[in-house]
Amino acid sequence: MKEIVAYKDFYKEIIDTINARRYKAYKSLNRHHIEHNFELGEIIVKHQEKQKWGQSIVEKLSTDITKQIDGLSGYSPQNLWKMRQFYLEYREKTVLYELAKQIPWGQNMLVLHQVKDDNERRYYLEATAKLGWSRAVLLNQIKADAYKHHVLDKKLSNFETALPSHLSEQANEALKSEYNLDFLGITKPVHERELENRLIENIRDLLLELGYGFSFIGNQYRLTLNNKEYFIDLLFYHRFLKCLIAIELKTVEFEPEFAGKMNFYLELLDSKEKQADDNPSIGIILCPTKDDIEVEFALRSSNKPIGVSEYKLTHELPENLKGKVPTSKELKQMLTIAISNAGDSAIGK
């Protein structure tokens, strides 16, 4: 038994070392690639300005490079123009250029073409470098105005008090103040289970919206305590935070008891599911609306890391639905009436 454990530790150390070295090599190669493109852009601009050459010189340059360095398609006229633009944009912006060298060329081009404000560019460059956003995730974040929500919208959580400082900052970066669920195509109030089912049917879009690093484990994840069963709506594992993330879906305005229930679920997760090398489990409560003061007070007594965020089902809520998100009390009344009516109909038959 000891030999098996020893070998597992030995094997893990070898794999971790290989992966770390491979990642370091990739980062070094990527940095070289970005510097290479920046330098070519600089040379193109310098000679165009000196010789007063127009656009046709780039076409000729592309043709001649392809003849000299056969088989490489990275020097098309379009790519050379991108290198030129990249240089012009960042030649006097050292901070942005240093950030740009930390992410792949494709992501750089997305930021360059989709984002014009320097502060906004810095946000997307930093987030991509830190969270490893793919091009698809980055584009989704830009379209969802992630920067605006990051700067203007207050994130509500107790991460700062419930997690170590280094982890609370990363967890806060992973949490959004608002999630855009318009990919579900829902335009009318729905029950929690229907919302959950629709999210599972569209799990790829949900993962893109949650952000890079989330891995889906399951829905209605079963936990037990003293022969009683409890079910978490959605359970994920975050590759960078190294922890389980429980998400509870609500179709009514936030209420303080939601935090107490989530705190209980996280206690169970840490006791029964968390591995020895995992960080503390994190909870996210998603509601259509919330009162920030109420959320802050509700989270004060929780010793588990919990965040509360809103979600949108459509970019523009139809006029007939605006202001009609029910409270839990109203929803219960609606369900009671519906059940009563169903019973009356059955009796009538």
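Considering each residue of segment 212-231, count those that are under 26 Å from Gln141 (Cβ atoms) and not in a loop (DSSP other than H, G, I, E, B), and give that number.
Residues that pass the stated criteria total 6.
Is it fair to say Ile245 is over 15 Å from the mean Cα position of the chain (by Cα) and among the aliphatic types (A, V, I, L, M)?
So Ile245 fails the test.
Does Tyr87 count as touching an Asp or Glu at 6+ places or on another chain (Cβ under 8 Å), in a helix (DSSP H, G or I) and at negative phi?
yes
Where the second residue is crowded, with 22+ Cβ neighbours inside 10 Å and of a type in the set (S, T, N, Q) and the first is over 12 Å from Tyr311 (Cβ atoms) and lies in segment 245-267, which pairs have Cβ atoms under 8 Å and are six or more apart or on separate chains?
Between residues of segment 245-267 that are over 12 Å from Tyr311 (Cβ atoms) and residues that are crowded, with 22+ Cβ neighbours inside 10 Å and of a type in the set (S, T, N, Q), the close pairs are Ile245/Ser281; Ala246/Ser281; Leu266/Ser281.
So for segment 96-114 (the condition being under 22 Å from Ile203 (Cα atoms) and assigned to a helix (DSSP H, G or I)), does at least one residue qualify?
no
Pick from segment 115-162 the residues that are among the small types (Gly, Ala, Ser) and out of contact with any strand residue (DSSP E or B) (no Cβ under 7 Å at 6 or more places or on another chain): which of them is nearest to Glu178 (Cα to Cα)?
Ala146
May I ask you to verify whether Lys188 is in contact with a Leu (Cβ under 9 Å, 6 or more places away or on another chain), loosely packed, with under 15 Cβ neighbours inside 10 Å and at pLDDT below 90?
Yes; evaluated as a whole, the condition is true for this residue.
Among the numbered criteria (1) at pLDDT 85 or above; (2) closer than 20 Å to His238 by Cα; (3) of a type in the set (A, V, I, L, M), which single criterion is violated by Ile142?
The one condition Ile142 does not meet is (2).
Hey, Leu208 hits all of (1) in contact (Cβ under 8 Å) with a residue 40 or more places away in the chain; (2) outside the structural domain of Gly260 (by TED's automatic domain parsing); (3) among the aliphatic types (A, V, I, L, M) but one; which does it fall short on?
Of the numbered conditions (1) in contact (Cβ under 8 Å) with a residue 40 or more places away in the chain; (2) outside the structural domain of Gly260 (by TED's automatic domain parsing); (3) among the aliphatic types (A, V, I, L, M), the odd one out for Leu208 is (2).
Listed here are the residues, each with its yes/no results for (1) at pLDDT 85 or above; (2) exposed (fewer than 10 other Cβ atoms within 10 Å of the Cβ); (3) under 30 Å from Leu112 (Cα atoms); (4) in contact with a helix residue (DSSP H, G or I) (Cβ under 8 Å, 6 or more places away or on another chain).
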residue	(1), (2), (3), (4)
Val5	no, yes, no, no
Thr17	yes, no, no, no
Ala20	no, no, yes, no
Lys24	no, no, yes, no
Arg31	yes, no, yes, no
Ile34	yes, no, yes, yes
Phe38	yes, no, yes, yes
Ile43	yes, no, yes, no
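Please list, ordered by first then second residue, the pairs with beta carbon atoms under 8 Å, 6 or more apart or interchain, first in segment 1-29 and touching a residue at least 40 places away in the same chain (Cβ under 8 Å), second surrounded by 10 or more Cβ atoms within 10 Å (Cβ to Cβ).
Cβ pairs passing all conditions: Lys27/Gln102.
Identify the single condition in (1) farther than 20 Å from Glu35 by Cα; (2) buried (at least 17 other Cβ atoms within 10 Å of the Cβ); (3) not polar (S, T, N, Q) that Lys154 does not satisfy, given that it satisfies every other one.
(2)
What single numbered condition from (1) surrounded by 15 or more Cβ atoms within 10 Å (Cβ to Cβ); (2) among the small types (Gly, Ala, Ser); (3) within 30 Å of Gly41 (Cβ to Cβ) fails to hold for Ala174?
Going through the list (1) surrounded by 15 or more Cβ atoms within 10 Å (Cβ to Cβ); (2) among the small types (Gly, Ala, Ser); (3) within 30 Å of Gly41 (Cβ to Cβ), Ala174 breaks only (3).
Quick check on my filter: what residues within segment 78-90 are at pLDDT 95 or above and exposed (fewer than 15 other Cβ atoms within 10 Å of the Cβ)?
Leu88 - this is the single residue of segment 78-90 that is at pLDDT 95 or above and exposed (fewer than 15 other Cβ atoms within 10 Å of the Cβ).
Is it true that Ser177 is within 16 Å of the chain's Cα centre (by Cα) and either among the hydrophobic types (A, V, I, L, M, F, W, C) or assigned by TED's automatic domain parsing to the domain that holds Asn279 (or both)?
It is true that Ser177 is within 16 Å of the chain's Cα centre (by Cα) and either among the hydrophobic types (A, V, I, L, M, F, W, C) or assigned by TED's automatic domain parsing to the domain that holds Asn279 (or both).
Yes or no: Tyr75 farther than 27 Å from Tyr124 by Cα and either surrounded by fewer than 14 Cβ atoms within 10 Å (Cβ to Cβ) or among the aromatic types (Phe, Trp, Tyr) (or both)?
No: the conditions fail for Tyr75.
Please find, within segment 234-287, the residue that is surrounded by the most Cβ atoms within 10 Å (Cβ to Cβ) out of those that are in a loop (DSSP other than H, G, I, E, B) and of a type in the set (Lys, Arg).
Lys250
The values are calculated or read from the model by the stated rules, or taken from the named source; none is laboratory data. As the structure is a prediction and not an experimental result, all values here were calculated from the model. Neighbour counts run over all protein chains shown; Cβ positions are idealised from the backbone, glycine included.
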